[in-house]
Structure formats: structure tokens, C-alpha cells
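The structure appears right after this line, and notes come after that.
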């Protein structure tokens, strides 16, 4: 996202108009998640991706069309002008790209999924604030109206009477605009508006819940914020700080795990009480290298650890392992893994029980020996084994081959 926004700023500084396309809905096995973003300048330049290459060409053409651009070097002007609708120029639109025999070959979306893409010919008024939030890793929710269904109005008028006041709203006023958006922060403050104060207040409440969970979601409301209505579809896109991985033990496996974790988007901290081993020179890929005892360091950061975070204990030395795991169990961290052989883990588990940890909590929260059973030997293979187990535990999926399972490949919000 940051790279896309940097390119947008460059184009804007050159005086070019820019359209933004964002994935706002996914069904089936779509190639990208909600929030995937692509920018198109009026010169036909492109940054980012909404489908990994499947529908980008069609999105570029539509973006140029609603910007009112009629000719771009290197593009077929007939494709642009052929879809030109004067009333649509300057208006946000949602384009749906789905799988069918014709569509598959027309736009290349052959994975069997359906993508809803919101294309806006203008940058949001809070674009500069949006950039600052991303640069400073400020947690926020980007709220956007992505679909409107005014046909539901009559059904709701009847329901308001039968519900006997349970919805303390009446249907009044106009629907918000497609593409209307706002930014909501963790303290309840916000920038922008959906155009209706009553709808804003309800959506802010739900955005705070989404931010707390760290999960992008889709909600439906009435135009006045009625929770059980379907007139307005809104995406609550969560921008939260990257998840943390804290690795205890400055050992050979640590460098490989830190590299793989960084690829997955973690903010990685390596911690070891031995200053001769815990050096930035040995772990340049880590965001932070800390010289401290594990339990003392965890005491400092315990309130910042949540379900998205991971603690990996790679020391397999009782004087480090026991205090590290004991203290980690006092946090809300989503994953705790401990390295060592099965014999080492049995002995470590007994020491933890002797230290007051319950057997049930050990079985439920401590993954040991750490990692999936893929016969990993090298540090790099072990790192992949550990990260795969973290993903499996977070998603609640079994660690089987896809060829051995049925059902959806991707979980959807």
C-alpha cells in the first residue's frame, strides 16, 4: 500500500489526475483480498494490483473512462471511448468481475472467484492524512460505502412498525453516495463523513470493534444506521500495526525464522540475555535486537501482545525457557512455540507444571516441539515449519495438503 501511495504522490506532484481502484468484495477463490489497491494516472500509468494480473487491463480502461480521458499513448482509444458514458464521468463505480466461460477469457479471472472493485476517479479529501497514517503505522479503519440498494425502503417502512421500537430509527433523508468514506481511529475520533451523521455514529462504533479485532469486515445498514437493514453496504478496512514476533534465543535457527517472518509481514524482535550473541550484526533482518532476560522483557511488552502476535522460544535451555514461557502465558499472545526434541519438551513441560502452569494450559497454548511435522532439518526448513504452524493455529485450519481436503481454499470475512 505504501508503495502505491508514494507513486500517487509523485503523479499528483506532476499535476496528473489519479483514480484509485480497490477490491471491496470477494467471493469464491479470488486472487486478492479486500483492500487490494491499484492506482491509475490520467497518462495510463499503473501502480499496485487488484487481481495479480487477471483484470488489471479492464480496470485501467474503466478508470480512464470515468476520469474522462479519451486518448492514452499505447492504449486503444476505441476501448476507452467505446465505454464512455457522459453521465458516469467523474462518478465512482463498482465493477464486478466474475467467472464464466466468456468472462474467464475476457479478463483472465480463471480461478473461479468473483471480485467487486470500487473505482473512484478522485483521491479522497483526506488522502494526505491517509498517507501519514500508513507511514507512521497509526491504527485506523478506512470506512467506505461500496453498494446501495434503495429498493429495500418499502419493506423497512413496514418492519419499523412491527418491530415496536426495537430499531430506534425512522427512514428519512437521502442515501449516502457510493464511494463516500471516512477514517476512524482507536480513540473514536474520525476524519471525513458518509454524508449522514446518524449513519456515521453507528459505523464508527462498528469500526472500533473491527479495529480491536484487527479484521477487515463488511457490514450492512439502513440509510439512518439501522443495524438489521440492507440499504447500504460498507467495507470497514482495518489498517493495524504489523503483528509482532518475539524470538527468544540468539541461535542459528533465529536468523532463518526472522527472515521468513519478515516476508510474512511481522515486526521481528530477537531477545537474548547474552550480549555476545544478541547483536545487530548477527541479525540485521530483525527490527530490534534486545539484550535482556526473556521474562523481564515480556513484562515490559506484555500489554502490547495480542492474538495476531507470536512468541517463539528457541533456546531449549531451562534457565531461559521456563521463565519465558511462564511469562508468555500471562499475555494474550496468540501463539507460543518452544523448540526442542520430544524428550526436551517432556522435561520442559514437567518443569513448567512444577512452576505452577496447568497441564490443560500447556496443551492448549504451548506448541512443542515447535512447528509442523514436515521433517524439517535445516534452519530455513524449520522456519517455514514454524510459520506454517502459526498460520494454521491462527486460521484454525488443519495442516493437510489441499489435495487431501475439500471446501473453500480461502477463509473470507
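Throughout, read-outs are computed from the coordinates displayed, never taken from laboratory work. Values in this document were obtained by computation on a predicted structure and should not be read as measured data. Backbone-built Cβ (ideal geometry, glycine too); neighbour counts: all protein chains shown.
For residue 341 and residue 16 in the same chain, what is the full-extension length gain: residue separation times 0.36 nm, less their Cα-Cα distance, in nm?
111.0 nm
Each helix, a run of at least 4 DSSP H residues, gives -39500 (n - 2.57); summed and divided by the residues of the chain, these come to -10000 deg cm²/dmol at 222 nm. Per residue, the convex hull around the alpha carbon atoms of the chain comes to 195 Å³. Take the Cβ atoms of residue 136 and residue 317, set R0 to 45 Å, and the FRET efficiency comes out at 0.75.
Write down the percent of antiparallel bridges among all DSSP beta bridges whose residues are both part of the chain, to the nearest 5.
Numbers: 41 of 60 bridges.
So the antiparallel bridges amount to about 70 percent of the total.
Nearest 10 degrees is fine. How inclined is helix 153-162 to the longest principal axis of the chain, computing both from alpha carbons? With both axes taken from Cα atoms, the answer is about 60 degrees. Taking the number of Cβ atoms within 10 Å of each Cβ as an exposure proxy, the fewest-first ranking of 89, 218 is 89, 218.
What's the extension gain from residue 43 to residue 373 if we count 0.36 nm per residue and subtract their Cα-Cα distance? Intermediate values should be presented prior to the final figure.
Details: separation 330, 0.36 × 330 = 118.80 nm, distance 5.14 nm.
In short, 113.7 nm is gained.
Once the chain from residue 6 to residue 394 is taken as fully extended at 0.36 nm per residue, the excess over their C-alpha distance is 136.5 nm.
Using mean Cβ contacts within 10 Å as the protection proxy, how do 184-193, 292-301 order, highest first? Walk me through the numbers on the way to the answer.
Numbers: 184-193: 15.4, 292-301: 17.6.
Result, highest mean first: 292-301, 184-193.
Size descriptors for segment 341-387, from the alpha-carbon set: Rg then Dmax equal 12.4, 34 Å.
Could you work out the mean projected area of the convex hull around the alpha carbons of segment 244-395, in square nanometres to one decimal? Display every interim value, and only then the final one.
Details: hull surface 32.2 nm².
The orientation-averaged projected area of the Cα hull of segment 244-395 comes to 8.1 nm².
In this label model, residue 288 and residue 303 are separated by 1.4 nm, measuring between points 7 Å along each Cα→Cβ vector.
Each label point was placed 7 Å from the Cα along the Cα-to-Cβ direction; for residue 127 and residue 361 their separation is 5.2 nm.
Computed from the C-beta positions of residue 262 and residue 172 and an R0 of 60 Å, the FRET efficiency is 0.70 to the nearest 0.05.
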